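The values are calculated or read from the model by the stated rules, or taken from the named source; none is laboratory data. These numbers come from a predicted model, not from an experiment. Every residue, glycine among them, receives a Cβ derived from its backbone with ideal geometry; neighbour counts consider all protein chains shown. These accessible areas exclude ligands, DNA and RNA; they are computed on the full protein's heavy atoms, side chains included. Shrake-Rupley method; radii C 1.70, N 1.55, O 1.52, S 1.80 Å.
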Amino acid sequence: QVQLVESGGGLVQAGGSLRLSCAASGRTFAYMGWFRQAPGKERQFVGSIRRSGGSTYYADSVKGRFTISRDNAKNTVYLQMNSLKPEDTAVYYCAASLSYSATDHAGEYDYWGQGTQVTVSS
């Protein structure tokens, strides 16, 4: 059974940092990514990382502040978030795709975690 389990969310002041983790079990994936959804807004792509080669992709809104990394041995992906802003407040979801063609569309991801809340206070 495939599971994605996120951890690491919480409350932080603007300018602070948080690191999210997503542990996958049941199989490996071509891409793992992070999305976020703020109240009343659509789910938004944050970034993704390819299992083979480790290429990363980021939304413009987080480039230079967020970093995705992975530990293939642990089948775990991380999202290091620095210089956090109040507008980063959202539920963050880990997602996994079986396709090496996955991009920034939520529909291209096959499995999702339960989400973890990130709140950035001003």
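Sticking with the crude label model, points 7 Å out along Cα→Cβ, report the distance from residue 122 to residue 28 in nm, one decimal please.
4.5 nm
Contact order normalised by length for the chain, with contacts defined as Cα pairs under 8 Å and 6 or more residues apart; what percent is it?
Details: 306 pairs, mean separation 43.2, N = 122.
After rounding, I find 35 percent.
If 41, 63 are ordered by their accessible area, calculated over protein heavy atoms with a 1.4 Å probe, which sequence runs from highest to lowest?
Heavy-atom accessible area, descending, gives 41, 63.
Quickly work out the residue 11-to-residue 72 label distance, labels modelled 7 Å from Cα along the C-beta direction, and quote it in nm with one decimal.
Placing both labels 7 Å beyond Cα along the Cβ direction yields 4.1 nm.
So what does residue 27 come to for accessible area, using a 1.4 Å probe and Å² rounded to 10?
Its accessible surface works out to 110 Å², give or take rounding.
Going by a ≥ b ≥ c, the root eigenvalues of the Cα gyration tensor, does region 81-122 fall in the rounded group (a/c under 1.5), the prolate group (a/b larger than b/c) or the oblate group?
Values: a/c = 3.52, a/b = 2.26, b/c = 1.56.
Because a/c hits 1.5 or more and a/b exceeds b/c, region 81-122 counts as prolate.
Could you give me the percent of Cα pairs per 10 Å distance bin for the chain, shortest bin first, beginning at zero and ending with the bin that holds the maximum distance?
For the chain, the pair-distance distribution reads 15, 51, 29, 5, 0.
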